[in-house]
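Enquirer: Mind looking over this structure? Questions follow.
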Amino acid sequence: MNTTAVSSFHLDPETLQRELKLVLDLSMAHLHELRQSPVKPDLKPGAVAAAFPTEAPVVPRTMDELLEIVKGHLLPAITHWQHPRFFAYYPATTSIPAILSELLIAFLGSVGLQWSANPAATELECVVMDWIMRMLHAPADSPFLHQSKEGGGIIQNTAGEAMAVIMVAARVHQHRKDHGELSPEELYWQDSSSLVVYMSDQTHFSGPKAVRVAGMRLHKIPARKLAHGNYGITADDVKAAMAQDRARGLTPCAVILNYGSTNTSGTDDLESFRDLRETENVWVHVDAAYAGASLILPEYKERSRLIQDLATSFNFNGSKWFLCGFDSAFLYIRDRQLLKAVYAAGDTFMAKAAEEEVYNPEFKDWSIPLGRRFRSLRIWMVLSYFGLEGLQNYLRQSIAQADSFRKRIDESGIFKQTVATEWGLVCFQLNTDDSSKNESFLQRLDELSEHGKKFLVYPSQLNGERFVRLALGSVHSESQDMEYLWDVCLKAAHHPLNHS
């Protein structure tokens with residue numbers, strides 16, 4: 001224990017270098033041991049907290065002591081999302097530039113309250129968000145580019161936060177259309193109980209949460225299997241729901257569409273929604289949190305352009321399948337005034353803002369937070385380090401890995417795909433009409449994983465049928481991991497109960 005009180009709080013370069021080496025050594029050892037580590041710890045709630053005192057230390061601790069605690073009590077209690085056999089949820093990809101940029105961000109300690117608080121952060125965010133839009137095949141006159149001075153992109157913490165920001169803005173925008181004579185302040189507290197938001201029942205639960213936050217009604221529409229072999233909704237489904245609600249005296253306000261739903265990576269029939277924003281006069285948001293990354297591939301150019309044509313706003317995550325690390329959710333808006341009308345705020349203690357040009361938007365006026373991290377540095381480093389070609393190669397490798405597994409499923413006769421998928425998510429179950437046999441397979445699979453220690457998948461459910469939800473795309477998963485998982489699936493499928 002360090003019994004000498006800390007007398008200096010300066011960021012001393014020599015001390016930082018010495019302590020950084022200790023952290024780096026621990027990190028390297030962890031990466032070397034990752035494959036041999038359990039994917040998921042076998043713990044009961046409270047086990048981690050029990051290793052820590054109930055009060056903060058009074059006397060200082062050395063970095064060596066702190067890292068011993070990390071090594072002894074925290075690393076063994078982590079579910080390792082970067083493990084090569086972590087196949088749950090969706091990937092949470094990180095990378096060398098994403099990791100190192102976080103060190104720079106922490107070292108700089110800058111808070112992006114407004115452009116003048118960190119011009120580099122604001123301007124770099126405009127630059128990288130326009131880079132991404134061009135990677136998404138945006139036309140030169142796209143309103144989603146900052147250079148258009150119409151809309152633009154902003155980095156959010158998560159897709160859920162992005163949708164909450166959008167739903168509140170959609171509510172206020174609807175009130176402006178209905179009560180244009182009111183002052184901006186009066187618009188904020190208008191009764192929203194008659195406003196309705198539409199979405200598929202396959203939409204991630206962040207969608208309903210965002211609608212709750214905005215204080216509007218939710219109309220969930222049952223998804224059905226579409227021509228692409230997965231589940232989604234069509235514009236006709238939404239229009240029929242809107243007609244029902246209008247007959248009840250309600251007002252359609254917004255629609256949230258899926259491009260790659262969380263449960264099965266299903267997509268709504270986006271082509272049918274191409275003109276809905278204009279014909280129904282509603283806000284259309286596309287949630288592409290996972291699959292949006294794939295839109296940088298040239299083979300998806302038409303889809304990307306379609307989303308840009310039909311959407312008022314859309315989002316996708318850089319933290320799932322784009323190597324940017326958590327947190328990095330990209331939110332794009334067609335008209336920035338729709339956000340500024342809700343979130344613009346200031347005070348006399350803030351720096352006087354210059355007239356808004358391309359590279360000096362006050363991002364505090366686009367979203368809820370005032371203080372913003374220098375996340376654009378991380379995104380810039382990742383995009384620059386890998387380049388467009390590198391990111392495309394990574395995505396194609398993930399898709400090829402999943403395609404190979406899908407082919408095995410189809411050729412096995414033992415399993416069947418629950419739905420057709422095309423990216424890194426594979427959904428499959430035992431090829432049987434006997435649900436008890438499928439349940440036996442899933443139970444045996446969990447047992448063979450030692451309840452997540454050897455590999456981690458979480459079964460899901462669709463229309464009452466349970467299935468394996470295999471999320472590929474980890475930067476560490478290799479062919480040996482796919483072979484291992486396939487062998488384990490075969491072993492689970494040949495459990496005696498499945499042949500009785």
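The values are calculated or read from the model by the stated rules, or taken from the named source; none is laboratory data. If you're wondering where the values come from, they're calculated on a predicted model, not measured in any experiment. Reconstructed Cβ throughout: ideal geometry from the backbone, glycine too, with neighbour counts over all protein chains shown. To get the accessible areas, we keep the full protein, side chains included, count just its heavy atoms, and leave off ligands, DNA and RNA. Shrake-Rupley method; radii C 1.70, N 1.55, O 1.52, S 1.80 Å.
Enquirer: Name the pairs whose Cβ atoms lie under 7 Å apart, with the first residue in segment 433-444 and of a type in the set (Lys, Arg), the second in a helix (DSSP H, G or I) and open to solvent by less than 60 Å² (accessible area, probe 1.4 Å), and 6 or more positions between them or separate chains?
Expert: 437/498; 444/492
Enquirer: Here's another thing I want to ask about it. In this structure, is residue 428 in contact with a Ser or Thr (Cβ under 9 Å, 6 or more places away or on another chain), surrounded by 18 or more Cβ atoms within 10 Å (Cβ to Cβ) and without any contact (Cβ under 8 Å) to a residue 60 or more places away in the chain?
Expert: Considered against the rule, which asks whether it is in contact with a Ser or Thr (Cβ under 9 Å, 6 or more places away or on another chain), surrounded by 18 or more Cβ atoms within 10 Å (Cβ to Cβ) and without any contact (Cβ under 8 Å) to a residue 60 or more places away in the chain, residue 428 comes out as yes.
Enquirer: Select, from 48, 39, 23, the only residue that is over 30 Å from residue 291 (Cα atoms), at pLDDT 95 or above and surrounded by 15 or more Cβ atoms within 10 Å (Cβ to Cβ).
Expert: When all the criteria are applied, what remains is 48.
Enquirer: Given the criterion surrounded by fewer than 18 Cβ atoms within 10 Å (Cβ to Cβ), without any contact (Cβ under 8 Å) to a residue 60 or more places away in the chain, closer than 22 Å to residue 140 by Cα and not hydroxyl-bearing (Ser, Thr, Tyr), identify the matching residue among 248, 274. Explain how you work it out, then say what you get.
Expert: On the way: 248 fails: closer than 22 Å to residue 140 by Cα.
When all the criteria are applied, what remains is 274.
Enquirer: Starting from segment 209-236, take each residue that is more than 12 Å from residue 168 (Cβ to Cβ) and list its partners that are open to solvent by 100 Å² or more (accessible area, probe 1.4 Å) and modelled with pLDDT of 95 or more, counting only C-beta distances under 6 angstrom and pairs at least six apart or across chains.
Expert: Qualifying pairs under 6 Å: 231/225.
Enquirer: State whether the residues of segment 443-464 include one that is under 19 Å from residue 229 (Cβ atoms) and either surrounded by 19 or more Cβ atoms within 10 Å (Cβ to Cβ) or of a type in the set (Asp, Glu) (or both).
Expert: Within segment 443-464 (the criterion being under 19 Å from residue 229 (Cβ atoms) and either surrounded by 19 or more Cβ atoms within 10 Å (Cβ to Cβ) or of a type in the set (Asp, Glu) (or both)), the answer is yes, since at least one residue qualifies.
Enquirer: So which residues in segment 218-242 are among the hydroxyl-bearing types (Ser, Thr, Tyr) and touching an Asp or Glu at 6+ places or on another chain (Cβ under 7 Å), if there are any at all?
Expert: Of everything in segment 218-242, just one residue is among the hydroxyl-bearing types (Ser, Thr, Tyr) and touching an Asp or Glu at 6+ places or on another chain (Cβ under 7 Å), namely 234.
Enquirer: Something else: Residue by residue through segment 274-303, note down the ones that are more than 23 Å from residue 156 (Cβ to Cβ), in a helix (DSSP H, G or I) and touching a helix residue (DSSP H, G or I) at 6+ places or on another chain (Cβ under 7 Å).
Expert: Correct list: 276 only.
Enquirer: Still on this model: Condition (residue is surrounded by 19 or more Cβ atoms within 10 Å (Cβ to Cβ), touching a Phe, Trp or Tyr at 6+ places or on another chain (Cβ under 7 Å) and over 30 Å from residue 163 (Cβ atoms)) applied to segment 371-392: is it met by at least one residue?
Expert: No, segment 371-392 has no match at all.
Enquirer: Among the residues of segment 34-66, write down those that are without any contact (Cβ under 8 Å) to a residue 24 or more places away in the chain and either within 31 Å of the chain's Cα centre (by Cα) or not in a loop (DSSP other than H, G, I, E, B) (or both).
Expert: 36, 44, 45, 46, 49, 50, 51, 66
Enquirer: Say we look at segment 122-163 and pick out the residues that are open to solvent by 20 Å² or more (accessible area, probe 1.4 Å) and without any contact (Cβ under 8 Å) to a residue 60 or more places away in the chain; which of these is nearest to residue 337 (Cα to Cα)?
Expert: Selected residue: 148.
Enquirer: Run down 164, 170, 138 and say which single residue is closer than 30 Å to residue 264 by Cβ, among the small types (Gly, Ala, Ser), at pLDDT 95 or above and in contact with a strand residue (DSSP E or B) (Cβ under 6 Å, 6 or more places away or on another chain).
Expert: When all the criteria are applied, what remains is 170.
Enquirer: Give segment 54-96 a look and list any residue that's in contact with a helix residue (DSSP H, G or I) (Cβ under 7 Å, 6 or more places away or on another chain), of a type outside the set (Val, Ile, Thr) and under 18 Å from residue 327 (Cα atoms), or say none.
Expert: Result: 80, 82, 90, 91, 92, 95.
Enquirer: Take residue 476 and tell me if it is touching a Pro at 6+ places or on another chain (Cβ under 6 Å), open to solvent by 30 Å² or more (accessible area, probe 1.4 Å) and of a type outside the set (Lys, Arg).
Expert: Answer is yes for this residue.
Enquirer: Here's something else I'd like to know. Please find, among 99, 69, 78, the residue that is within 21 Å of the chain's Cα centre (by Cα) and surrounded by fewer than 15 Cβ atoms within 10 Å (Cβ to Cβ). Give the derivation first.
Expert: Values: 69 fails: within 21 Å of the chain's Cα centre (by Cα); 78 fails: surrounded by fewer than 15 Cβ atoms within 10 Å (Cβ to Cβ).
Selected residue: 99, the only one of 99, 69, 78 that is within 21 Å of the chain's Cα centre (by Cα) and surrounded by fewer than 15 Cβ atoms within 10 Å (Cβ to Cβ).
Enquirer: Further question: In this structure, is residue 264 open to solvent by less than 20 Å² (accessible area, probe 1.4 Å), in contact (Cβ under 8 Å) with a residue 60 or more places away in the chain and touching an Asp or Glu at 6+ places or on another chain (Cβ under 9 Å)?
Expert: So residue 264 does not fit the description; no.
Enquirer: Report whether or not residue 211 is more than 18 Å from residue 259 (Cβ to Cβ) and modelled with pLDDT of 95 or more.
Expert: yes
Enquirer: Which one of these is in contact (Cβ under 8 Å) with a residue 60 or more places away in the chain, assigned to a loop (DSSP other than H, G, I, E, B) and open to solvent by 20 Å² or more (accessible area, probe 1.4 Å): 104, 113? Spell out the reasoning first.
Expert: Details: 104 fails: assigned to a loop (DSSP other than H, G, I, E, B).
Of 104, 113, the one residue that is in contact (Cβ under 8 Å) with a residue 60 or more places away in the chain, assigned to a loop (DSSP other than H, G, I, E, B) and open to solvent by 20 Å² or more (accessible area, probe 1.4 Å) is 113.
Enquirer: Give the residue, chosen from 4, 15, that is at pLDDT below 95 and assigned to a loop (DSSP other than H, G, I, E, B).
Expert: 4
Enquirer: Going residue by residue through segment 147-156, is there one that turns out to be more than 13 Å from residue 334 (Cα to Cα) and not in a loop (DSSP other than H, G, I, E, B)? Outline the logic, then answer.
Expert: Initial filter on segment 147-156 (more than 13 Å from residue 334 (Cα to Cα)): 155-156.
From what is left, the residues that are not in a loop (DSSP other than H, G, I, E, B) are 155-156.
Yes: segment 147-156 contains one or more residues that are more than 13 Å from residue 334 (Cα to Cα) and not in a loop (DSSP other than H, G, I, E, B).
Enquirer: If we scan segment 385-399, do we find a residue that is touching a His at 6+ places or on another chain (Cβ under 9 Å) and either among the basic types (Lys, Arg) or farther than 28 Å from residue 159 by Cα (or both)?
Expert: No, because not a single residue in segment 385-399 is touching a His at 6+ places or on another chain (Cβ under 9 Å) and either among the basic types (Lys, Arg) or farther than 28 Å from residue 159 by Cα (or both).
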